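This report refers to the structure that appears directly beneath it.
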Amino acid sequence: MLEQSKRFALEGNPVTAVPCGNGHINHTFRVTTDTGRRYILQGVNEHVFPDVDSLMRNIILVTEHLRLHGAEPVLTVVPTLDGRPYDRDEKGQVWRVYEFIENGVCLEAAETEKDFYQSAVAFGRFQRLLRDFPAAELVETIPHFHDTPKRYADFRKALEEDRLGRAAGVKEEIAFALAREGEAASITEPLKKGTLPLRVTHNDTKLNNVLLDKITGEPLCVLDLDTVMPGAAAYDFGDSIRFGANTAVEDETDLSLVSLSLPLYDAYVRGFLSECGEGMSMEELMSLRTGSKLMTLECGIRFLTDYLQGDTYFSISRPEHNLDRCRTQFRLVADMERKWDEMGEILLQNKKTDA
Ligand code: ADP
Ligand code: GN1
Ligand code: MG
């Protein structure tokens, strides 16, 4: 990794490179130079992001906008020695470098309600700061990313092909997914009709995609800007709930530990709406509950699809990792169905003024 990082405009010579974080998509390393400066070196997954020029252009545009609107610190791209936003090595692998943001912590699970509240403030603020961002400037890095009906179509295709003969072993999961297909368009349809506003959203708002200040616990910086695209507020809200309001981790194998924590959900609602709740219509407010369920269902379907297709998309570290992940997501969906009324009540209690 040191060789790859030497092609970027670093301060000092890189001396160490260690793996960093738990992302499922890119390969991330923390590089330290002989002057003590630290950087993030990332091998970009081109299978997931085939148009790297547009990907990096999006990130540069969005981070410039955030900087102009007072966000500090902001993810900062370090160019190559000849001024390009990424490099391609001899093997064809794409690399990019960011400044390492010091004094932050990325959590894999919400340790306290306060932490989760602060992550909600971070993502809510991110969405508010991008309200006047010219969405047409952004290229859709992954078209149809949260188009749940399209995710269902991909799932059905994987099921029909059943390349590895795995479908017979996951009948229960398949039935769970298919039983809820009728709900798949419950965000995309109102977006199309215009009853829900199209916003610029992050689309991958897992707790480990935000840095909190190590000392104060306050929001420091939103990371992982690869999927910033036009979308619904419910995508960002919902994906955060999916990951962070689960009482278990995403790949927990003891499903009895999986449930929706209403106190964590409540904390997230308060933090998110404190930043971007003003001017939200009743329909958009209530779509946050729909998004929580739909993002969880969709993610479960994506894990199941990848399992059926032979684990080619998400990084795995054990043979049935994607199946384990799918099961936690579906267990969480079922618990949301049980807690549906309370989830709605909490939103109503925290409603801000309408547009
Ligand atoms: P992936 O797309 O694979 O999820 P991320 O961009 O989220 O990759 O990076 C993976 C992890 O690396 C993050 O969860 C975080 O721990 C760490 N990280 C990424 N960028 C930075 C940064 N600029 N400063 C500090 N840590 C970072
Ligand atoms: C991936 O890149 P990462 O690990 O933050 C995925 C998300 C999924 C998530 C599930 C580009 O997120 O959509 O919700 O895994 N990112 C992409 O943990 O597909
Ligand atoms: Mg990430």
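The values are calculated or read from the model by the stated rules, or taken from the named source; none is laboratory data. Keep in mind the model is a prediction, meaning the values are calculated, not measured. As a convention, Cβ positions derive from the backbone with ideal geometry for all residues, glycine included, and neighbour counts pool all protein chains shown. Ligands, DNA and RNA are stripped out before the accessible areas are found, and what is left, the full protein with its side chains, is counted by its heavy atoms. Shrake-Rupley method; radii C 1.70, N 1.55, O 1.52, S 1.80 Å.
Structure shown: which of LYS114/LYS193; LYS150/LYS351; LYS206/LYS352; LYS171/LYS351; LYS114/LYS171; LYS114/LYS192 lie over 30 Å apart, alpha-carbon to alpha-carbon?
On the way: LYS114/LYS193 37 Å; LYS150/LYS351 32 Å; LYS206/LYS352 24 Å; LYS171/LYS351 41 Å; LYS114/LYS171 39 Å; LYS114/LYS192 36 Å.
Checking Cα-Cα distances, LYS114/LYS193; LYS150/LYS351; LYS171/LYS351; LYS114/LYS171; LYS114/LYS192 exceed 30 Å.
Counting each DSSP H run of 4 or more residues in the chain as -39500 (n - 2.57), what helix-only mean residue ellipticity at 222 nm follows after dividing by all residues, to the nearest 500 deg cm²/dmol? Walk me through the numbers before you get to the answer.
On the way: 11 runs with 150 residues, N = 355.
Helices in the chain give a 222 nm mean residue ellipticity of -13500 deg cm²/dmol.
Name the long-range amide H neighbours of GLY231: under 5 Å, sequence gap of 5 or more, or other chain; modelled H, no Pro or chain starts.
ARG199, VAL200, THR201
When the accessible area of region 113-349 is split by element with a 1.4 Å probe, what percent falls to carbon and sulfur? Mind showing how you got there, number by number?
Working: 4630 of 9070 Å².
For region 113-349, the apolar C and S fraction of the accessible surface comes to 51 percent.
Please list, in order along region 257-273, the HN-Hα scalar couplings obtained from phi with the Karplus expression 6.51 cos²θ - 1.76 cosθ + 1.60 (θ = phi - 60°), rounded to whole Hz, x for Gly and Pro.
Using θ = phi - 60°, the values come out as 8, 8, 6, 8, 7, 5, x, 5, 4, 4, 4, 5, 4, 4, x, 5, 6 Hz.
Taking amide H atoms as placed 1.01 Å from N in the peptide plane, list the residues 5 or more away in sequence, or in a different chain, whose amide H sits under 5 Å from that of VAL78.
When sequence neighbours closer than 5 places are left aside, the close amide H contacts are VAL97, TYR98, GLU99.
Work out the charge dipole of the chain with +1 on the Cβ of Lys and Arg and -1 on the Cβ of Asp and Glu about the Cα centre, then indicate which of HIS146, PHE303, LEU10 is farthest towards its positive end.
Most positive-ward Cα: HIS146.
What are the ³J(HN,Hα) values, in whole Hz, obtained from phi via the Karplus relation 6.51 cos²θ - 1.76 cosθ + 1.60 with θ = phi - 60°, for each residue of region 96-107 in sequence order, with x given for Gly and Pro?
9, 10, 10, 5, 7, 8, 7, 6, x, 9, 10, 9
On alpha-carbon atoms, Rg over Rh for the chain using Kirkwood Rh? List each step's numbers first, then the result.
Working: Rg = 20.1 Å, Rh = 21.0 Å.
When Rh is taken as the Kirkwood radius, the ratio is 0.96.
Counting only the backbone N, which residues of region 182-206 are under 18 Å from the spot 7 Å out from the Cα of HIS69 toward its beta-carbon?
Correct set: 197-205.
With unit charges on the beta carbon (Lys/Arg positive, Asp/Glu negative), name the residue among LEU332, ASN208, TYR98 whose Cα is farthest towards the positive pole of the charge dipole of the chain.
The Cα lying farthest towards the positive end belongs to TYR98.
Which residues does a label at ALA185 reach in region 231-262, if reach means a backbone N under 20 Å from a point 7 Å past the Cα toward the Cβ?
Residues 231-235 qualify, since their backbone N sits under 20 Å from the label point.
Per residue, how much accessible area does the chain have with a 1.4 Å probe, in Å²? Walk me through the numbers before you get to the answer.
Working: 15250 Å² over 355 residues.
Result: 43 Å² per residue.
Calculate the length of the line joining the C-alpha centroid of region 227-242 to that of region 133-149, in whole Å.
Distance between centres, Cα-based: 11 Å.
Can you run phi through the Karplus equation (6.51, -1.76, 1.60; θ = phi - 60°) for region 330-339 and list ³J(HN,Hα) in whole Hz, with x for Gly and Pro?
With the stated coefficients, region 330-339 comes to 5, 4, 5, 4, 4, 5, 4, 4, 5, 9 Hz.
Please go through region 83-112 and write out the GluC sites (Glu not before Pro) that DSSP classes as loop and that have at most 15 other C-beta atoms within 10 Å. Kindly include the intermediate steps, with their values, before the conclusion.
Numbers: sites: GLU90, GLU99, GLU102, GLU108, GLU111; in loops: GLU90, GLU102, GLU108, GLU111.
Qualifying residues, ordered by number: GLU90, GLU102, GLU108, GLU111.
Run the dipole for the chain about the Cα centre, Lys and Arg Cβ at +1, Asp and Glu Cβ at -1, nothing else charged, and hand back the magnitude in debye, nearest 20. Please list the in-between numbers first.
Working: 41 positive and 58 negative charges, 39 e Å.
Approximately 180 debye in magnitude.
Which distance in Å, rounded to a whole number, links the C-alpha centroids of region 12-37 and region 45-83?
18
5 Å is the cut-off here: which amide hydrogens, built 1.01 Å from N in the peptide plane, fall below it relative to LEU223, excluding neighbours closer than 5 in sequence?
It is VAL210, LEU211, by chain and number.
For the modelled label position 7 Å from the Cα of LYS91 along Cα-to-Cβ, which residues of region 16-32 have backbone nitrogen atoms closer than 17 Å?
What the label zone holds, given the 17 Å backbone N cut-off, is 17-20, 25-30.
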